[in-house]
Amino acid sequence: MQETPIRRRVRRTTGAVATAALVLGSALLLMVFGAAGAGAAATRGPLCSAGSSWGEADRLSRALGTALSSRGGNVGVAFVDLSSGVACDVRGDRHFASASVVKTAILATLLYQKQHRHASLTTSDRALATAMITRSDNNAASALWRRIGGASGLRRFLSAAGMTQTVPGSGGMWGLTQITARDQIKLLRLLATDNSVLTPASRAYELGLMKKVVAGQRWGAPTGALAGEVVAVKNGWLPLSSGGWRVNTTGVGLGRRSYLIAVLSDGNPSMGYGVSTVSRVAKAINHNAF
């Protein structure tokens, strides 16, 4: 039977409404997915903005919700795909104790200061930087903390970097610096892309050390990376009397996929539990992004 003009209009209208509902549903999924789940993701589901890829944003939202749904404690996540512009944020503005993750900022501050003095790193600087980043040596970090001028020196770098959410630890307590996943992404972006704060030589030097982190500390951000893919990483872990273990991971993907990732956590009953949590999040990203 031939369709009448009225029937054709109804069909077209119905199709348009269905399409609009699908688009709206996808958008709502990105904003609230995981809100009803348990564990770390319960109060706010993953939020991934689409950039140039709705499919990637949708996959990441679902995968992050699953990775966080059964985990206890608190977790802050920030991720940026430098190619597509897809970005994810889960409690990205929540503050966490940095533990050894701040060592990345300590070295960046030293490099920033050397640039402004038109000076090169000394042999001693390089030895301490290598120990601090590749082996997470705390004595080396304390020595470089003093060389940059402690909290005041770090604050000047943070101001130049636009890292307004980071609060340096007082005295020599650099591991108690308060950081957010969003600010860590700002720092990683300075290391990964051209900018006016760090020169190409400074960026290459620091990323070079992060690529050489010892095998036993290459958990977190590199988890689930493709074979042959290079991930520059710096992790941190710290047990405190209140709030359990702080376990954090930050990384820069440097292979054919370019990305930035920061996963911060506290309230972990053990270091192993925290490592499992941040590694699960990184694996979800590595398997579903791009």
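The values are calculated or read from the model by the stated rules, or taken from the named source; none is laboratory data. Note that this is a predicted model, so its numbers are computed, not measured. Glycine also receives a Cβ, built like all others from the backbone with ideal geometry; neighbour counts cover every protein chain displayed. Each accessible area value is taken on the protein alone, full model and side chains, heavy atoms only, with ligands, DNA and RNA left out. Shrake-Rupley method; radii C 1.70, N 1.55, O 1.52, S 1.80 Å.
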task: List the residues whose amide H sits under 5 Å from the amide H of Gly162, counting only those 5 or more places along or on another chain, with H placed 1.01 Å from N in the peptide plane.
output: none
- prompt: Short version: ³J(HN,Hα) in whole Hz for each residue of the stretch 249-259, in order, from phi by Karplus 6.51 cos²θ - 1.76 cosθ + 1.60 (θ = phi - 60°), x for Gly and Pro, what are they?
  reply: 9, 9, x, 10, x, 10, x, 5, 10, 10, 7
statement: Computed ³J(HN,Hα) along the stretch 274-286: with the Karplus parameters 6.51/-1.76/1.60, θ = phi - 60°, integer Hz and x for glycine or proline, the list is x, 4, 4, 5, 5, 6, 4, 5, 4, 5, 4, 5, 4
query: When the Karplus curve 6.51 cos²θ - 1.76 cosθ + 1.60 is applied with θ = phi - 60°, which whole-Hz ³J(HN,Hα) does each residue of the stretch 101-117 get, with x for Gly and Pro?
result: 4, 5, 4, 5, 6, 4, 5, 4, 5, 4, 5, 4, 5, 4, 4, 6, 9
query: Which whole number of Å³ per residue matches the convex hull of the alpha-carbon atoms in the stretch 141-186?
result: 68 Å³
- prompt: Given +1 on the Cβ of Lys and Arg, -1 on the Cβ of Asp and Glu, and no further charges, what dipole in debye does the stretch 72-208 carry about its Cα centre, rounded to the nearest 20?
  reply: 360 debye
- line: Around Ser49 (Cβ within 14 Å, Cβ-to-Cβ, excluding Ser49; K/R +1, D/E -1) the net charge comes to -2
Kirkwood Rh in Å, taken over all unlike Cα pairs in the stretch 83-204: 14.7 Å
- prompt: Taking the convex hull of the alpha carbon atoms in the stretch 235-290, what volume per residue do you get, in Å³?
  reply: 64 Å³
message: Sort 127-134, 275-282, 221-228 by the packing proxy (mean of other Cβ within 10 Å over each peptide's residues), most packed first.
response: 275-282, 127-134, 221-228
task: For the stretch 44-92, state what percent of all Cα-Cα pairs lands in each successive 5 Å bin, counting from 0 Å until the bin that includes the largest distance.
output: 5, 24, 33, 22, 11, 5, 1
Accessible surface of Arg117 - all protein chains present, 1.4 Å probe, nearest 10 Å²: 150 Å²
- line: Stokes-Einstein, Kirkwood over Cα pairs, the stretch 182-290, 4 °C, 1.567 mPa s; D in µm²/s equals 90 µm²/s
query: Any idea what log10 I(q)/I(0) is at q = 0.16 Å⁻¹ for the stretch 132-227, Debye with uniform C-alpha scatterers and no solvent?
result: -0.81
